[in-house]
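Values quoted throughout were computed directly from the atomic coordinates according to the rules given, and no laboratory measurement underlies them. The structure displayed is predicted, hence computed values, not measured ones. Here the Cβ positions follow ideal geometry from the backbone for every residue, glycine too, while neighbour counts run over all protein chains shown.
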Amino acid sequence: MKRRKRIISIALVCSMLFGIPVMAAEEDIENDYDVEATSSEWLKSVDAKKMEPIYLSPEEIEELYTDDGIEPQVTVPDDFEPNNTPQTAYPYDQVPVLQSELTNKYDLYYLGMRSAGLHSPSDEDWYTIDLTAGEEYFVDLRNVGNTNWYIEVYNWEVAEPYRYSTNPEKKPIYEKKSEKYFYFKAEDTGTFHIRVTSGGDWTDQMHYFFYVGPAIQEFDIVDMPTYGSVNIYDKDYKTYTCDLGGTAVPAVTAIINMNMTDKFPQGKECYEVEKYMSAGGKTYYNSSGGGSGIINNIRGASLGTVWTIGGRCAKGRHDTTWSGVLNGRFMCIMAPYPGNEL
């Protein structure tokens, strides 16, 4: 039997503390600092307990292939039917992503997730996905209520076939949990099968959200509000707080770049706003004199925390109401929705 990988038994990702190194000066970043490579290596070091494969017998594989599946008992099934058997599995990458960008602090539940549905007690959904040996992946099934719906990942195109499963009959920790998730390191490179089923715990047809992909992901921040504003009227910075901790973003994040554009809920526009973002004892400014939205030296900082947002007119001559709007990109470790941890 294939030698199983050693599991590093530490707390799940969602409870990890941040430890991003201090960034280089802005003028040195282009030549001396690759934020994506450095942040990616740091994120990989934040390990979580990984699931070991469950090896499959020839009889179990045969059973999967001899089951013809049952068509959904609805007049309008989702776009991926019929995908009730391994033979009719639908490509996972062709299932649309529900939310691919962070546009507000309420997007996290859908961020990176895809959606489909089970339509009858006997319906189950199959998908195919290409994975790479040695890469770390996150598997997540949510929006299923406190049921025993579960998700599995199979590979039987190898000498010793195996699967990863959240079936409560195999893994009691998932019994009646509203979210089924795990991390694993792919044993092989090739095409894997994903299975989603109600496990016999049927109440009604409903749509589930699911994710099978790299444990480390990147997302764009697009016109995200900072949930506050301040009146700027002299040369002193005026501040407010923006809480992106808790349920706004995944627990472990690293900013790649950040731009803060200006919004004026009331009053005239000011084209000379100097602004900053401050958290964790560090403050990150835009260029002096205003006019630039680029927040300098913020690369690598954790996004998911309480930020102090500061703004002022560089020349102290505008009396107006100002608010910052975020655009940028960040890396994160995919994790269960806060509050759904096992």
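A few remarks follow.
- Mean Cα-pair separation over length for region 245-326, i.e. relative contact order, pairs under 8 Å, 6 or more apart, %: 44
- Of the peptides 257-265, 128-136, the order by per-residue mean of other Cβ atoms within 10 Å, starting with the highest, comes out as 257-265, 128-136.
- In plain terms, the chain from SER120 to GLU175 could stretch by 17.7 nm, reckoned as 0.36 nm per residue minus the Cα-Cα distance.
- Ordering LYS268, LYS275, LYS238 by the number of other Cβ atoms within 10 Å of each residue's own Cβ, fewest first, gives LYS268, LYS238, LYS275.
- Magnitude of the charge dipole, region 34-214, Cβ model with Lys/Arg +1 and Asp/Glu -1, debye to 20: 780
- If you sort the three axes of the alpha carbon gyration tensor as a ≥ b ≥ c, you get a/c of 1.5 or more for region 34-214 and a/b no higher than b/c, which makes it oblate.
- Seen from LYS235, the other residues with C-beta closer than 10 Å to its C-beta sum to a net charge of 0, counting Lys and Arg as +1 and Asp and Glu as -1.
- Mean-position separation - Cα centroids, region 184-218 and region 130-177, in angstrom: 6
- Mean Cβ count within 10 Å, highest first, over the residues of peptides 140-146, 336-342: 140-146, 336-342
- When each of the peptides 319-332, 103-116 is scored by the mean number of other C-beta atoms lying within 10 Å of its residues, the order from highest to lowest reads 319-332, 103-116.
- Phi-derived couplings, Karplus 6.51 cos²θ - 1.76 cosθ + 1.60 at θ = phi - 60°, listed residue by residue for region 133-144: 4, x, 7, 9, 10, 10, 10, 8, 10, 9, 6, 10 Hz, with x used for Gly and Pro.
- Charge sum, other residues only, whose C-beta stays under 11 Å from ALA314's C-beta, Lys/Arg counted +1 and Asp/Glu -1: +3
- DSSP bridge orientation in region 95-254 - percent antiparallel, rounded to nearest 5: 90
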